[in-house]
Amino acid sequence: MSAPLANLQLIYVSDIEISTRFYTKLFQLEPCFITPRYVAFKSGQDTLFALWSGGSTPDPAMPRFSEIGIMLPSSDDVQKWYDERCNDETLNFIQAPVKEVFGLTFLLKDPDGHVIRVCPLD
């Protein structure tokens with residue numbers, strides 16, 4: 001057996017339906033697995049990005065803040081991705097593209113306040 005890899009990014013959400021619509025639109029990808037409290041998107045050959053509302057009922061006290069990364073091939077791709085979506089009022093952009101040490105990057109937030117960073121591939 002090979003060493004285990006981190007192949008699931010799971011975030012807690014307060015409303016699975018709202019978050020599913022948000023990430024379906026953001027990723028331009030349909031979920032690969034859907035249940036009433038857990039929804040997963042394929043994010044690579046053997047990796048998943050998943051939404052989880054918690055046990056049998058969502059726990060409003062569960063922390064819901066993290067930074068999610070979307071890495072694109074280049075800074076030019078980051079700018080293009082931003083330009084194609086910056087006027088979409090359903091997306092909450094909190095920082096316009098800025099040059100960082102790792103390349104061009106910008107930030108937006110999902111419906112639960114999770115920060116999403118779009119940046120070039122490391």
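Cut-off 10 angstrom, C-alpha nodes, Gaussian network model of the chain. Which of GLN79, GLN95, GLN45 fluctuates the most? In the Gaussian network model the winner is GLN45. Taking the empirical scaling 2.2 N^0.38 Å for compact globular proteins as reference, the chain has a Cα radius of gyration ratio of 1.11. What the chain shows is 62 Å² of accessible area per residue, with the surface traced by a 1.4 Å probe over protein heavy atoms. For the chain, the carbon plus sulfur part of the accessible surface works out to 56%, probe radius 1.4 Å. Dividing the summed -39500 (n - 2.57) terms of all DSSP H runs of n ≥ 4 by the residue count of the chain sets its mean residue ellipticity at 222 nm at -6000 deg cm²/dmol.
The values are calculated or read from the model by the stated rules, or taken from the named source; none is laboratory data. Values in this document were obtained by computation on a predicted structure and should not be read as measured data. Note: accessible area is taken over every heavy atom of the protein model, side chains too, but ligands, DNA and RNA are not part of it. Shrake-Rupley method; radii C 1.70, N 1.55, O 1.52, S 1.80 Å.
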